[in-house]
Amino acid sequence: MSPAAYARAHASRFVRELQTYLRFPSISTLLAHQSDRRACAEWIVRHLRELGLTVALHPPTSHPIVLARLPSPQPYRPTLLVYGHYDVQPPDPLDQWRSPPFKPTTRNNNLYARGASDNKGQHFAHIKAIEALLRTGAFPPLNLILLIEGQEEIGSRDLFPFIRHHARRLRADYILISDTAMFAPRLPAITYATRGLASLEVELTGPRHDLHSGVHGGPVSNPANILTHLLATCTDPTGRITIPGFYDDVAPIKARERRAWRQLPFNPQTYRQLLGLPALGGEPGYTPLEQRWARPTFEINGLTAGYQGTGTKTIIPARATAKITCRLVPNQNPQHILRLITRHLRHHCPRTVRLHINADAVPWFLTNPDGPGIRAAQHALQHVFGRPPVMIREGGTLPILPAFQHHLRGEVILIGFGLPDDNWHAPNEKFSLTNFHRAIQTTLTLLPLLAQGRARRAHGGL
């Protein structure tokens, strides 16, 4: 039996096993679910051991890292690392779910559950393809590593030191990740770039405590007023960032990218209606896709100051805070951007209040869209979906990608099988079962290609 035939014959079982995986409420951000995370990790360990892989759990004990590999790796074979995460977002608000978030339910050929698409269903498809190859004796001459973590939804904070410490053991020629989405139904996509992220929490403090605005209004500067003024100096009404030097290092969009993105089936008015907007805005001179994928942003994520209850409370608040994130693009240096923003805010902040800034940053990611692994992935997707994939960027941030690139040195291959309406991080998350099975078939096609002389033949010989 061929691996593809094996996968078709066991398709129903594969779905049942995925449903079992999805029943674990492996929420990474909540301490109350520590035992659920542990149970979920131990379940995937047992599952991988049944396939004949060597598997171990690694610290942290509260969010264990699952590391598996084929026994007896061969030094002359290329190595593939498959990454995924078993942790999930909280399911709130629960009253908006049509079915319980941890009771997987099938409707209209979609599997509904928290984590179905982000990310259990996507990396489980790779595991099922590996099973089909092993059970039929057709696994290609590849060394295989599986790395499945439990902290992606809270920043992978323990995975970074784990990768640095075990870099030699984890070094791979290819790193396969399915934690992105297709561009549209039946239109597969390969993502070759993601934006970075600069995060700041800005706090202004004035008096020791809130003051009566009638008694003290006038000589006492209002932190909320000053904060809104400070933030207003950072952008103009169109959204263009006015912080000096912010755009200096931004890599221009290549002409071939612009041509390719214009050919994608994207309608700005449909997009506007989908989001419920009266009109689209954004930086002048760029299309919505260019703004989302290849231009930096300055976003106020939250503002807090003063009285928030019903009615009026006439005060001068003692403090005001803002949470800010900036999406960054090649070739912006995240630490340099943080310094520019900090300098700008300090320059415009009056001495009548105190300014405190806490900041962090994650680099952007960019890989060669013509790399041998990506060419092999293009062939595999075309073989399964019947059309070539589109090459896209992603506006979001996957913090672990630059670390993989730097420490493991392999070519990162980002193939998404989710859909734009899969409701990641929202109620009624789903995963198309058609895409689940297509993901398995794609992996079955891809792995032999990666084994062919490190995929050097993928461009001309396939």
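Can you give me the solvent accessible area of L51 with a 1.4 Å probe, rounded to the nearest 10 Å²?
Here the accessible area works out near 20 Å².
Give the lysines whose C-alpha is closer than 23 Å to that of K430, dropping any in the same chain fewer than 8 places away, or say none.
Within reach: K103, K120, K128.
Protein chains only, probe 1.4 Å: how do T304, T205 rank by accessible area, largest first? Could you put the intermediate results ahead of the total?
Numbers: T304 80, T205 25 Å².
If we order T304, T205 from most to least accessible, we get T304, T205.
Once the cut-off is 19 Å, how many percent of the Cα-Cα pairs in region 324-462 end up in the long-distance tail?
Tail of P(r) above 19 Å: 66 percent of Cα pairs.
If N is the number of residues in region 95-211, what value comes out of its Cα radius of gyration divided by 2.2 N^0.38 Å? Don't skip to the answer; put the middle values down first.
On the way: Rg = 20.8 Å, N = 117, 2.2 N^0.38 = 13.4 Å.
Working it through for region 95-211, the quotient is 1.55.
For region 332-389, state the semi-axes of the equivalent ellipsoid (square roots of 5 times the eigenvalues of the alpha-carbon gyration tensor), sorted largest first and rounded to whole angstrom. Walk me through the numbers before you get to the answer.
Working: eigenvalues 454, 25, 13 Å².
Each semi-axis is the square root of five times an eigenvalue, giving 48, 11, 8 Å.
Where does the charge balance sit around Q122 when Lys and Arg score +1, Asp and Glu -1, over other residues with C-beta under 13 Å from its C-beta?
Net local charge, Q122 excluded: -1.
Run through region 291-359 and list the chymotrypsin sites (Phe, Trp or Tyr not before Pro) located in a DSSP loop whose Cβ has at most 16 other Cβ atoms within 10 Å.
Here the chymotrypsin sites (Phe, Trp or Tyr not before Pro) that fit, given the DSSP loop and packing criteria, are Y307.
Normalise the Cα radius of gyration of the chain by 2.2 N^0.38 Å (N = residues in it) and let me know the number. Don't jump to the answer; show the numbers that get you there.
Values: Rg = 24.3 Å, N = 462, 2.2 N^0.38 = 22.6 Å.
Taking the Cα Rg and dividing by 2.2 N^0.38 Å, one obtains 1.07.
Restricting things to Cα coordinates, could you compute the convex hull volume per residue of region 364-441 in Å³?
Details: hull volume 8.9 nm³, N = 78.
Given the Cα convex hull of region 364-441, per-residue volume reads 114 Å³.
More than 16 angstrom separation, counting every C-alpha pair in region 158-215; what % is that?
Roughly 75 percent, once rounded to a whole number.
Give me the tail of P(r) for region 212-370 as a percent: Cα-Cα pairs with distance above 18 Å.
Within region 212-370, distances greater than 18 Å cover 68 percent of Cα pairs.
How far apart, in nm, are two points set 7 Å out from the Cα along the Cα-to-Cβ line at A255 and at Y271?
Output for this residue pair reads 2.3 nm.
Out of region 385-430, which trypsin sites (Lys or Arg not before Pro) are coil in DSSP terms and have no more than 13 other C-beta atoms within 10 Å? Intermediate results must be reported in sequence, preceding the final value.
On the way: sites: R393, R409, K430; in loops: R409.
Passing both the DSSP loop test and the Cβ count: R409.
So how exposed is F24, as accessible area in Å² (1.4 Å probe, rounded to 10)?
It works out to around 40 Å².
Can you pull out the trypsin sites (Lys or Arg not before Pro) in region 286-377 whose DSSP state is coil and whose Cβ has at most 16 other Cβ atoms within 10 Å?
Listed in order of number, the matching sites are K313, R351.
The values are calculated or read from the model by the stated rules, or taken from the named source; none is laboratory data. From a predicted model like this one, the values you see are computed outputs, not experimental measurements. Cβ sites come from the backbone with ideal geometry, for glycine too, and all protein chains shown count toward neighbours. Just the protein is used for accessible areas: all its heavy atoms, side chains included, with ligands, DNA and RNA removed. Shrake-Rupley method; radii C 1.70, N 1.55, O 1.52, S 1.80 Å.
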